[in-house]
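Notes to accompany the following structure.
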Amino acid sequence: SKLHTDATVLDVIIVFLSLTLHTCYCYCYCYCQSSNSLLSRYLQQRAESNFARFIKTVPTYATWDNHDYGTDYADYSQGGKENSLKAWGDLWPNPYQGSSKGAGNYYSFSWGDADFFVLDCRWYRNWSTGTLFGQPQLAWLEEDLIASQATFKIIVSASDVMEQSMSGDLQTIGKVVARNSISGVLFNSGDIHRNEYKTQDVANWPYRVHQFSSSGIAVVWRRNFAIVNVNTALNNPEVRVEFHSANSPGQSTTWSNDPNLICSQIQGQNRNQESRCTQTIRLSDLTP
């Protein structure tokens, strides 16, 4: 399979990492019965003037998680998931959906010297076996990772790839990376309702796994987001992640980031500080 490459490289893109449309917990019964019902909910969102203006002016990519796919703990058995996929394809003009390996809401694209592999963590998910992405999707990912010539390969997943009970697929990806000496692989996720940087030693990986997560629909007032700067012009290319959070709970507020607060130094220690820390990941950190 070929990577999708944009003809024009711009300075800014937006990637929505799940919960693009937060529906009710009875989603399967309320909406999945018809792609038109789903479509009507998305059209309500697009009618919001600020959001409409935003997606018209900034290149946008997106993926889903439970509440824009199905029920709260949705997996491969979700009823009506084909309707969810159709509605998603009608509203989000991602490069493509799925591959010859199998159906699903996964695809890849290139931006500058970075390749993005956007995975579907719901279509093949199986809680009993600890499957997050499934064999068809992993086979597609293996081919595209091996073919990639980009300095950085950013794998996007709505769910935390380091979740202990669901880490089998992450270990499988590690075998591919190690066997083919692939450098520059790191992860971007959402869903957790906060900002978080995490790095761990994971079985089969030739270097530590790095993941940065940002989820703006929050159970607290911080309304988080992250800015990811990729610089491949340096002798040691780097990805710099700046986490931002609101400075007050009011509707009218400002957001801030602390460039001197290093995420890896406070990992898992202080959620308040993690919401606005900064982390730099260099190619030398991602080299077998």
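A few comments on the model shown:
- When the charge dipole of region 128-212 is built from unit charges on Cβ atoms (+1 for Lys and Arg, -1 for Asp and Glu) and taken about the Cα centre, the candidate among Thr151, Ser189, Met162 whose Cα reaches farthest toward its positive end is Thr151.
- Potential lengthening between Tyr96 and Asn204 on full extension [0.36 nm per residue; Cα-Cα distance subtracted]: 35.9 nm
- In order along region 264-270, the phi-based Karplus estimate (6.51 cos²θ - 1.76 cosθ + 1.60, θ = phi - 60°) of 3J(HN,Hα) comes to 5, 7, 10, 3, x, 9, 9 Hz; Gly and Pro are listed as x.
- Semi-axes of the equivalent ellipsoid of region 188-261 are 27, 17, 9 Å, computed as sqrt(5λ) over the eigenvalues of the C-alpha gyration tensor in descending order.
- Charged side chains reduced to their Cβ positions (Lys and Arg at +1, Asp and Glu at -1) give region 47-167 a dipole of some 240 debye around its Cα centre.
- Size of charge dipole - the chain - debye, nearest 20, with Cβ of Lys, Arg +1 and Asp, Glu -1, no other charges: 280
- Length gained on full extension, Glu82 to Ser252: 57.2 nm, using 0.36 nm per residue less the C-alpha separation.
- Placing unit charges on the Cβ atoms only, positive for Lys and Arg and negative for Asp and Glu, gives region 119-264 a dipole magnitude near 140 debye about its Cα centre.
- Calculated FRET efficiency for the pair Val228/Asn50, C-beta based, R₀ 22 Å, to 0.05: 0.50
- Placing unit charges on the Cβ atoms of the charged side chains and taking the dipole of region 141-288 about its Cα centre, the candidate lying farthest along the positive direction among Ser252, Tyr207, Asn235 is Ser252.
- Two-decimal ratio, region 40-184, of alpha-carbon radius of gyration to 2.2 N^0.38 Å: 1.09
- Spread of Cα-to-Cα distances over 5 Å intervals beginning at zero, given as percent, for the chain: 1, 5, 12, 16, 19, 18, 14, 9, 4, 1, 0
- Region 59-95 residues near the modelled Asn126 label - backbone nitrogen below 12 Å, point 7 Å along Cα→Cβ: 76-77
- Helix-only arithmetic for the chain: the sum of -39500 (n - 2.57) across DSSP H runs with n ≥ 4, divided by the residue total, places the mean residue ellipticity at 222 nm at -6500 deg cm²/dmol.
- Under-22-angstrom lysine pairs by C-alpha in the chain, whenever the two are 8 or more apart or on separate chains: 11
- Spatial offset of region 213-288 relative to region 80-127 amounts to 26 Å, using the alpha carbon center of each.
We did not get these values from a lab; they are worked out from the coordinates using the rules stated. Since the structure is predicted, the reported quantities are computational estimates derived from the model, not experimental observations. A quick note on method: Cβ atoms are made from the backbone with ideal geometry, for glycine too, and the neighbour counts reach across all protein chains shown.
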